[in-house]
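The values are calculated or read from the model by the stated rules, or taken from the named source; none is laboratory data. Since this is a predicted model, take the numbers as computed values, not measurements. Here the Cβ is made from the backbone with ideal geometry for all residues, glycine too, and neighbour counts use every protein chain on show. SASA here: full protein model, heavy atoms, side chains in, ligands and nucleic acids out. Shrake-Rupley method; radii C 1.70, N 1.55, O 1.52, S 1.80 Å.
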Amino acid sequence: MPDYEPPLILEPPAGTEVRASVIWLHGLGASGHDFEPLIPELGLLERGVRFVLPHAPDQPVTINGGAVMPAWYDIREPDIDATPDADGIRRSVDYLQRLVAAEIAQGLPSGAVLVAGFSQGGVIALHAGLTHAEPLGGVLGLSTYLALPEALTREMPPANRAVPVFLAHGTADPVVPVALAEAARDRLTGLGCEVDFHAYPVPHTVSLDELADIRVWLAARLAPRLG
């Protein structure tokens, strides 16, 4: 098993009850600190939401000449969905589901735990969140795709079709083509999932408009938990 550094955890202010949790995975070559500056902008810490920001383990990445960097799985060729690293993806899915289990073990119901991810992290969040044994509160996939769509279709419990999904993508993304995000939307919609899809005129990044839409979506999903 890879050596996982303990995740960065942003807790609500002292004395505030933790009512929900969001586990947010970064993209290739980044770390849990990548999205740390954005979390306060969501306005949820003070309302009792804990944010867990994991760090991917270091490993060689074929597409980058075998350079070692933080990665949730290997990328083998420019056509990123052609030959997926299924073993690496499943290791990271298992890790994320263990992080979910840790939140539930602290007293949160599964419906109060949401998973999110950017790019590679979104691949893991979508697969782990939608194949979890119990329905989670929601799944966010940002600038991402379904790396193992057939496996997801087989492994998704029927109850998870009710799990809300937020997908966001840049129409000028040169890393993950927007067509892959549209394919993910269509696949999940075809499975009966409630998918909120957003496209923005940006490259492989999270825009200010996207962050505003994420804030609204998260607040709506968590409103019954937070009061």
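Give me the number: length gained by fully extending residue 171 to residue 134, i.e. 0.36 nm times residue separation minus the C-alpha to C-alpha distance, one decimal in nm. Could the numbers behind the result be given before it?
Values: separation 37, 0.36 × 37 = 13.32 nm, distance 3.32 nm.
Contour length minus Cα-Cα distance gives 10.0 nm.
Tally up the carbon and sulfur contribution to the accessible surface of the chain as a whole percent, 1.4 Å probe, everything protein left in place. Spell out each step's value before the answer.
Details: 5060 of 9360 Å².
Of the solvent-accessible surface of the chain, carbon and sulfur hold 54 percent.
Among 114, 28, 96, the largest mean-square fluctuation in a Gaussian network model of the chain, built with springs joining Cα atoms closer than 10 Å, belongs to 28.
Considering only 122, 32, 192, the Gaussian network model of the chain with Cα springs below 10 Å gives its largest mean-square fluctuation to 192.
Placing a pseudo-label 7 Å from each Cα along the Cα-to-Cβ vector at residue 219 and residue 191 gives an inter-label distance of 3.0 nm.
Efficiency by 1/(1 + (r/R0)^6): what FRET value for residue 162 and residue 33, r their Cβ-Cβ distance, R0 = 30 Å, to the nearest 0.05? Please report the intermediate quantities before stating the final value.
On the way: r = 33 Å, r/R0 = 1.11.
Once the sixth-power term is evaluated, E becomes 0.35.
To the nearest 0.05, how large is the calculated FRET efficiency for residue 18 and residue 77 if R₀ is 45 Å and r is the Cβ-Cβ distance? If you can, show how the numbers build up before the last one.
Working: r = 42 Å, r/R0 = 0.94.
E(calc), rounded to 0.05, equals 0.60.
Distance between the modelled labels on residue 155 and residue 62, one decimal in nanometres: 1.9 nm (7 Å Cα→Cβ projection).
Where a ≥ b ≥ c are the square roots of the eigenvalues of the C-alpha gyration tensor, would you call region 113-227 rounded, which needs a/c under 1.5, or, failing that, prolate if a/b is larger than b/c, or oblate? Working shown, then result.
Details: a/c = 1.98, a/b = 1.14, b/c = 1.73.
Since a/c reaches 1.5 but b/c is at least a/b, the shape of region 113-227 is classed as oblate.
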